[in-house]
Amino acid sequence: MDLTKDQRKAILTIKNYLNVNGNLKYSDDYMMVEFELAIDELVESSLAIKSIKTVGIKSQSDGVQSISFDSNIEAWTVTDNVKMLLPLPYVKL
């Protein structure tokens, strides 16, 4: 299965969130089949955030228009919308 660079980023981000890095069961192909909706949501939201927000910027203004960002929102972060589409993370001992 050919994955885009953004899909590979999303898969890696979700593997880190689920604490499954190194677990052979969670191959990229397995992740695409089992967590396709979460991967799509993460890619879409990350691209939208990247298009309007520079990393580390909390607010920006242009003339009379100003935008403030939630301090917890960054591209390639597992947000509540993505978490709802995933199982609970595995506990690392």
field: Counted residues, region 28-39 - those being over 18 Å from Asp80 (Cα atoms) and open to solvent by less than 50 Å² (accessible area, probe 1.4 Å)
entry: 2
- request: Could you please find all residues in region 1-26 being under 12 Å from Val78 (Cβ atoms), surrounded by fewer than 16 Cβ atoms within 10 Å (Cβ to Cβ) and among the hydrophobic types (A, V, I, L, M, F, W, C)?
  value: Leu12
query: Among the residues of region 33-46, is there at least one that is modelled with pLDDT under 95, outside any loop (DSSP other than H, G, I, E, B) and of a type in the set (Val, Ile, Thr)?
result: no
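The values are calculated or read from the model by the stated rules, or taken from the named source; none is laboratory data. Everything quoted here is computed from the prediction, not taken from an experiment. For neighbour counting, all protein chains shown are included, and Cβ atoms are generated from backbone atoms with ideal geometry for every residue, glycine included. Calculation scope for accessible area: heavy atoms of the full protein, side chains included, ligands and nucleic acids excluded. Shrake-Rupley method; radii C 1.70, N 1.55, O 1.52, S 1.80 Å.
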